[in-house]
1. Relative contact order for the range A:36-115 using alpha-carbon pairs under 8 Å, separation at least 6, rounded to a whole percent?
2. At A:Arg748 and A:Leu771, where each label point lies 7 Å from the Cα along Cα→Cβ, what is the point-to-point distance in nanometres?
3. With N denoting the number of residues in the range A:585-777, provide Rg(C-alpha) divided by 2.2 N^0.38 Å, to two decimal places.
4. How high is the FRET efficiency between B:Arg142 and A:Arg522 when r is their beta carbon distance and R₀ equals 22 Å, given to the nearest 0.05?
5. Calculate, in nm to one decimal, what A:Trp227 and A:Leu578 gain on full extension: separation in residues at 0.36 nm each, minus their alpha carbon distance.
6. Can you compute the modelled spin-label distance between A:Leu794 and B:Ala194, with each label point 7 Å from Cα toward Cβ, in nm?
7. From the square roots a ≥ b ≥ c of the eigenvalues of the alpha-carbon gyration tensor of the range B:85-129, which class results: rounded (a/c under 1.5), prolate (a/b over b/c), or oblate?
8. For helix B:54-69, what angle does its Cα long axis make with the longest principal axis of chain B, in degrees from 0 to 90 and rounded to 10?
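Just so it is clear, none of the values below were taken in a lab; they were calculated from the coordinates. The structure presented is a predicted model; accordingly, all values stated were derived computationally and were not measured. When we count neighbours, we look across all protein chains shown, and the Cβ atoms used for this are built from the backbone with ideal geometry, even at glycine.
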Amino acid sequence: MRALPPDFTDWFTTKGWSIHPHQQAMLDRADAPALLLIAPTGGGKTLAGFLPTLVDLAQGDHDGLHTLYISPLKALAADIKRNLTTPVTEMGLPIRIEDRTGDTPASRKRRQRADPPHILLTTPESLALLTSYEDAPRMFSGLKRVVVDEIHALAESKRGDQLMLALSRLQAMCPDLKRVGLSATVEDPQAIARQLARHPDPCEILLADPGPAPDISMLTTEEAPPWSGGGAAYAIPAVLAEVRKHKTTLIFHNTRAQAEIFFHNLWLANDDALPIGIHHGSLDRVQRERVEGAMVRGDLRAIVCTGSLDLGIDWGDVDLVIQIGAPKNVKRLVQRIGRANHRYNAPSKALLVPANRFEVVECVAALDAVLAGELDGDPRGPGPRDVLCQHILIAAAAGPFDADALYGQVTTVGAYAALSRAQFDACLDFCATGGYALRAYDKWKRLVLRPDGQWQLRDPRSARDIRMNIGTIQDTDTLKVRLKRNRGGKPLGEIEEGFAATLTPGDTFLIGGQIVRYEGLREMTVEVSRNAAKKPKIATFMGTKFATSTQLSARVVEMFQQDSWPDLPPHTSDWLGLQRKYSQLPRPGRLLIESFPHDGREQTVVYGFAGRNGQQTLGLLLTKRMEEMGLDPLGFVATDYATLIWGLDAVQDPAPLFDLDALKDGLDTWLAGNAVMKRTFRASATIAGLIQRNTPSARKTGRQATFSSDILYDTLQKYDPDHLMLDITRQEALRGLVDFGRIEEMARRVKGRIDHLRLRRVSPLSAPMFLEMGRVPVKGAAEERLLAEEAARLMEQSGLSQITPAASGTPRWRAGH
Amino acid sequence: MNEHPFMLAGAQLSALGSGALWWRDQSLLCVSDLHLGKSERIARRGGGQVPPYDTRDTLTRLGADIALTNARTVICLGDSFDDLAAARALPEEERLWIAQLQAGRRWVWIEGNHDPGPIDLGGTHIAELPIAPLTFRHIAQRKTSGEVSGHYHPKARLSLRGRSISRPAFLYDIDRVILPAYGTYTGGLRSHDAALDTLMRPEAHAILTGAVPTCIPMPR
């Protein structure tokens, strides 16, 4: 055991603390090449990560950078700086601590490169930027340790891949670099350890005492939840009652839109005028900071929020977490519950509020999973190649490089360990020449091979563009929303450009908990005025919908197998009982399909339990197959568990529809022209450096000169279908929004065991699907038809139709031709 | 033919779904803002290596319109090349392709702001071209009539039951027509923009390009 130096012991004593066992364990293993600590929030995790650094630096003989701390959030870096500075000042240690994020002033950034602090707190993007400078080797010389905080949050995204690639370069500069990861509770610590360590180094995992089990239950209300929808408006009085009973309550939602609507309804019912705030990623930064400040001071009784509050910032005295809507993912639920009660040995208290009847089942299944300690998650697959392309460009920006050496570094990153040399070379070729079948850019290569075998930028000035393009976070095109005033009113937040495009002056929508009226667009800013309406005309902007995890879906199916459901409220168990009586409940390892006539159409329900995106894709593929088979499908709607398809003819034998190979063939042709692919392409092409990040100023001045990435996508599809970018896009889409993996998983699970029931009428389980939003019409010509209808209506309305020739048909004047 | 007919200064014109303008009485096909060589120019200026297939795609579509109409005259209404260097850097294959399209017909290159000088390709180079009752020029002028121009890359946006469609569009009123950009790598300027709003009369129309050219009141 390594003893704590006397200064430290004294400091712990004056605080009345003693060192936690996991903090001591971290100190003992200070020389391990890689170490992963898994500890609950509030467990002194950060201090555990820094203790070896502080002890080392306390001797005062280290010059320059010693420890690099990386967190997913800028705010977290600032928070940690405060928390670390306290013991360092109180013990009088000779340690300089600074943070560096996108918000740091340029003058300080320059100074940090010339004269780095002992401990630098930063984000993956800022680190990648630092490694792109020619002087990176000098700045990082002497670096001993890297601490990656909240690594579980980074590990799920491309930000983590980018970080690990950057660490591979740091490790090449400083071979003795030690890596430490700090993580919340996760389902597969081994997977994170593999990502953290230099491949194939081992990585020890330390598990801190997880503390007492959470006190978690489902909110029961007098009123039964509705059959469909995600608003949970029925639960408002009960939620308010809970807020009154607790000091500070966090009310989590799965989407920003739901948070806005719920907050609005909460205010309408808030007769005691309890101080309640709203916090989500679309709100203006000033507004968010105000809410955060009020929360830390303890001025707020409740905060309606989304994932933007998920990470480990210390938000003060939260004693209740409420999750509105089924959590969809047990791991996220557990991490959210961890937000309550920061005292190490007090149980966190949480309430689940199902938004509809099916979610009652899902909430109970999630509760079971939490109590059983079973988390969920899907393996991430090989490292994404768009991030690798960016990494190659970053290396080039820093100076000439050797391809063999860079490939060697890249394969020390766990996610890229299996990357073949051919794959690497294809990425390198893409960075150098664009990688097109038509060798068009010989004169204008981005990278050129020097006589000594090193690669370098053809034009050194392009390093600036590469630096400006660093990062993997996909910013959707959003527009700022401001109150309309003479000289720029108060900023309220941001909405997606696509949503803004559907607005016409006079439309009302919710943002930041208030209803505003759309006035117009001015220089890429949405101008609005306050509006006193009770109900917004348009719900609100979009937002990602999570899909229920594979593991949670499986638990739901398991629950269906019970003889009775004492854990479920009667309104829900009766409903399941009816389904068993009139049809049957889905069974594990089998696929239930119901067909029945309803509403003058033939309806088919496929209970695939493949998650929302998977069921959506399944709907698209099945309707395409049905069209080929002459079954005339008209449309479909998907939920996390099932797809409902309606059409003119009844499905007699569904088995041929589920031929996986045929579905896959359909997928290829369908994917090519799909909007999901185009969206994925834009993200990947931006990361890979094919298109420049859309900066606001560029969009303002670009005007008619800029063209959309969809055009590039279409052109590539047409002339170079085997191009690397399309290959990357396809891979990304399949594991992302298309979620074909879930359909394959379903096919494996079912193996052709289909239970097809012909019913006379709607089944109880499928009934809510008829109320679902997001019905997708099957069409091709439909857009043209909608357009023609709308054009005719507009022409009629404007009175222009009388004075112009008919919009279609043979014009009279051609008669004599 | 897939067209939307309209009158300008007594001339019967047709907006084609492709974005080309067809004047049947003169057997004249007019396209604007081809921006040939755009990908080369982007790469030359260090802006990234976008797929280098734009010129062949634009020429393929133009070839199809020429075959469809068998036009005796083709007018390229300016900004035919993304810049003069791009015109000079056009590969031999694409020069031959243009020469083939030109064979047996009158071909006019109107000068644009991107390609203000002469280029070493066949056809007539000219700042503007009057063919009574119309005048063909790159950038619209105020207080004219019977004017056919391009330059602005107009597009129009329309909301349809919650979805929004935005397409390149012709804008016309009794004085002028502004053509959408025909080139593959071109974006658009919304008809709401002040530049277009002040140029067009209140009763102006927009004809959206696409499978069926569709006429609507110009969105503002």
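1. So the answer I get is 29 percent.
2. It works out to 3.6 nm between the two label points.
3. Ratio of Rg to 2.2 N^0.38 Å for the range A:585-777: 1.19.
4. So the FRET efficiency works out to roughly 0.35.
5. Stretched fully, the A:Trp227-A:Leu578 segment lengthens by 124.9 nm.
6. Simple spin-label model gives 2.3 nm for this pair.
7. oblate
8. 60 degrees
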